[in-house]
Amino acid sequence: QVQVVESGGGSVLPGGSLRLSCGVSTNLFSRYTMAWYRQDPGRERKLVADIDNAGRTNYADSVTGRFTISRDNVKKELYLQMNRLKPEDTAVYYCNKEGPWYFDWGQGTQVTVSS
C-alpha cells in the first residue's frame, strides 16, 4: 500500500512564500505523473499543478507564474514552491498521482495566507 506524506504548510502573510514537500513510498514513483491538489472547506479537491515523468509541468491558471512544481525521482519526493501567496491560496494541499485512480490520500498540509 503506497503511503503519501505531505509537509511544509503553515501560516504566512500575503506575498509570502512556502515550499511544500511530499514523500511517496513506491519504487515506481518515477513512472507516474504526480500532482498537487488543494481543497477548501466544503469544496471539491482541485488540481493545482502536475509534472510528468519527463519533467513537463502544467499549472492551474490561478497559480501560473507564482507556483513551481518539481520532483526528485531518486528521493521519491514531490515539491511545490509557492511564491507571492494570496489569501485565496488558503487550503489543505495534497499530493497524489494524476487520476483517474489515486493512491490513498494523505493527511495533507494546511496553508493559511492571512494578514
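Tabulated data
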item	result
Charge tally in the Cβ shell below 14 Å around GLU98, where Lys, Arg are +1 and Asp, Glu are -1, GLU98 excluded	+4
Of all accessible heavy-atom area on region 1-92, the percent that carbon and sulfur account for (1.4 Å)	45 percent
Built amide H within the under 5 Å cut-off of ASN58, gap 5+	ASP50
Derived scalar couplings ³J(HN,Hα) [region 18-30; Karplus, 6.51 cos²θ - 1.76 cosθ + 1.60; whole Hz; x for Gly, Pro]	9, 10, 8, 10, 8, x, 10, 8, 9, 6, 8, 3, 5
Dipole-positive endmost among ILE69, ASN96, THR26 within the chain (Cβ charges, Cα centre)	ILE69
Cβ-placed point charges (K, R +1; D, E -1), dipole of region 49-101 about Cα centre in debye, nearest 20	160 debye
Protection-proxy order for peptides 10-18, 53-61, each taking the mean of Cβ atoms within 10 Å per residue, highest first	10-18, 53-61
Local net charge near ILE51, Cβ-Cβ under 14 Å (Lys/Arg +1, Asp/Glu -1)	0
Descending Cα extents along the principal axes, region 16-102, whole Å	36, 25, 19
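The values are calculated or read from the model by the stated rules, or taken from the named source; none is laboratory data. Bear in mind the structure is a predicted one, so any value in this text is a computation, not a measurement. Backbone-built Cβ (ideal geometry, glycine too); neighbour counts: all protein chains shown. Note: accessible area is taken over every heavy atom of the protein model, side chains too, but ligands, DNA and RNA are not part of it. Shrake-Rupley method; radii C 1.70, N 1.55, O 1.52, S 1.80 Å.
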